[in-house]
1. State all residues of region 247-257 that are surrounded by fewer than 20 Cβ atoms within 10 Å (Cβ to Cβ) and under 22 Å from Ile171 (Cβ atoms); if no residue qualifies, say none.
2. Kindly establish whether Ala97 is surrounded by fewer than 19 Cβ atoms within 10 Å (Cβ to Cβ), farther than 20 Å from Gly51 by Cβ and not assigned by TED's automatic domain parsing to the domain that holds Gly195.
3. Looking at (1) surrounded by fewer than 17 Cβ atoms within 10 Å (Cβ to Cβ); (2) closer than 28 Å to Gly103 by Cα, can you tell me which one Ala237 breaks?
4. Those residues that are at pLDDT 95 or above and of a type in the set (Lys, Arg), I need them from region 210-234; list them, please.
5. Could you check how many residues of region 178-200 are touching a residue at least 60 places away in the same chain (Cβ under 8 Å) and over 21 Å from Gly233 (Cβ atoms)?
6. Out of the residues in region 69-94 that are of a type in the set (S, T, N, Q) and part of a helix (DSSP H, G or I), which is surrounded by the fewest Cβ atoms within 10 Å (Cβ to Cβ)?
7. Considering region 206-231 alone, what residues qualify as being closer than 19 Å to Gly90 by Cβ, small (Gly, Ala, Ser) and either part of a loop (DSSP other than H, G, I, E, B) or in contact with a Pro (Cβ under 7 Å, 6 or more places away or on another chain) (or both)?
8. At least 1 residues that are among the charged types (D, E, K, R), farther than 18 Å from Glu198 by Cβ and touching a residue at least 60 places away in the same chain (Cβ under 8 Å) in each: list the strands (runs of 3 or more DSSP E) lying fully within region 232-285 that qualify.
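The values are calculated or read from the model by the stated rules, or taken from the named source; none is laboratory data. Owing to the predicted nature of the structure, the values given are computational and were not obtained by experimental measurement. When we count neighbours, we look across all protein chains shown, and the Cβ atoms used for this are built from the backbone with ideal geometry, even at glycine.
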Amino acid sequence: MRQKKLKLEEILNLKKWFVAVPLTLALAFGVAACGSSDSDSGGSSGDTVSGEIAGAGSSAQEAAMNGWIAAFQDANPDATLSYDPVGSGGGREQFIAGGTSFGGTDSPMDETELADVAKRCDPGDYIEIPVYISPIAMAYNIDGVDDLNLSADTAAQIFAGDITKWNDPAIAADNPNADLPDQDIVVVHRSDESGTTENFTDYLHQNSPKYWPDEGDGVWPLKGGEAANGTSGVVSAIKSGSGTIGYADLSQVGDLNVANVKVGDSYVAPSAEAAAKIFEESKRIQGEGKYVFAYDLDRTAAAQGLYPISLVSYEMACTTYDKADEAKLVKAFYTYIISEEGQQDAATTAGSAPIPDSLRKEITPAVEAIQTS
C-alpha cells in the first residue's frame, strides 16, 4: 500500500505539534511540581508521608485539630491521624507514658512532669511548642440579658460562689443599664484536669487575689456548682441550663452569649485579635529545655484591646522516635501546623490567632530536629 506523501505545509504543522506537546507537558509538570513542593501540606519537596499515629490532649484544641488532621490527610492520603480530646492533663499523662506519638496541652508541663517526660524523651529531647492562641470566653445563658460586663473581682466572686444572684449589687455596678433577673447563678466548671481551667483560674488569681487567693490550677479547686467533662460538656451544660455561666474556648461556645471583661477602664470582648495581644506582653520561661517554648502569661497587662483570659496551647513531641514512619509523620504534621497555611486553617476552623512569624522562626528548628533514633 502506498503511503500518502505529506505536503510541505502539513510537515511544518507536524513539526510545530512535536515541539508544542513536550513543551506543554513540561510546563504542566512544572506547575504541578511547584504546587506540590510546598512542605506546609506535609512533605518536603512534594513527598507525601504514610503511616498511622495517635495524639491526645487539650479539648480546647479540638476544633483546630480536626481541621488540621483533615487537611493533612487530604494532602497525605496514606496517612491516618487521630486525636482524643481528653483534656490537657490526660494528654500530658498519655504522652509521658508513651501511649501517644504527639499531644496537645493548654498549660506547660510542670517540674515533676518534665522530670517524668525525660524517661520517654532523652534529656533535652522533649519538644513543647506553642501553636494555638485563643480566648477563653465566660459564656452564659440568662433570659433577657444579651450583653454582660464583668470585672475580675465580680467574676472571681461569682465563680467562688460568693455572689449567688444575677441581680447582685456587684454585677449591677458593672452593668448599670441591664435588666438583671432575681435568679440563682449556676456555675459550670470542668470535672476533668484541664489547661483551660488552669488558665482561667490563673486569670482570677492574678487579677483578683482577694476573692480568688489560690493560684491557677488545672483541677477545679472548689465544691459546688455543676461539673462537666471536657469543653463540649461545659458548653452543653450552659446551654441546657438557665442562669448558667461557665468558661470555654471561644471556638466552641457557638451561639451562647459571652461576657465582656474589664481591662483598665474599659470592657473587652473575647476575640482572636485581643487574645494575641497577651502574647506580646508575656515572656518565655527559661531553663526548661532547648526545645521547650513555654510562656508565662501576664494577665494583668492593661494594653488597649488586650483580652486577659486567653490561652496559649502547645504541641508535645520528642526529637527522636524508634520508628522511621512515626518520626516522619510527626515531623510532617507539625511542619504543617506551624506553617502559615496551617495557622490560617486553624483561624478559619477554630477562630484562633495565628502565631507570630517571629515565633515561627524560633520554633521551626525544634520541629526540624525530629528524626529516627
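1. Leu256, Asn257
2. Values: surrounded by fewer than 19 Cβ atoms within 10 Å (Cβ to Cβ): yes; farther than 20 Å from Gly51 by Cβ: yes; not assigned by TED's automatic domain parsing to the domain that holds Gly195: yes.
Spelling it out, Ala97 is indeed surrounded by fewer than 19 Cβ atoms within 10 Å (Cβ to Cβ), farther than 20 Å from Gly51 by Cβ and not assigned by TED's automatic domain parsing to the domain that holds Gly195.
3. Ala237 satisfies every listed condition except (1).
4. Lys210
5. Within region 178-200, the first condition is being touching a residue at least 60 places away in the same chain (Cβ under 8 Å), and the residues that meet it are 181, 183, 185, 190, 192-196, 198-200.
Imposing the further condition that a residue be over 21 Å from Gly233 (Cβ atoms) reduces the set to 181, 183.
Residues that pass the stated criteria total 2.
6. Step one: filter region 69-94 for residues of a type in the set (S, T, N, Q), giving 73, 76, 80, 82, 88, 94.
Restricting the remaining residues to those that are part of a helix (DSSP H, G or I) gives 73, 88, 94.
Details: Gln73: 15, Ser88: 33, Gln94: 19.
Filtering first and then ranking leaves Gln73.
7. We begin by selecting, within region 206-231, every residue closer than 19 Å to Gly90 by Cβ; these are 216-221, 227-231.
Cutting the leftovers down to small (Gly, Ala, Ser) gives us 216, 218, 227-228, 230.
Answer for region 206-231, where residues must be closer than 19 Å to Gly90 by Cβ, small (Gly, Ala, Ser) and either part of a loop (DSSP other than H, G, I, E, B) or in contact with a Pro (Cβ under 7 Å, 6 or more places away or on another chain) (or both): Gly216, Gly218, Gly230.
8. Values: elements: 244-249, 260-263, 266-268.
The qualifying strands (runs of 3 or more DSSP E) are 260-263.
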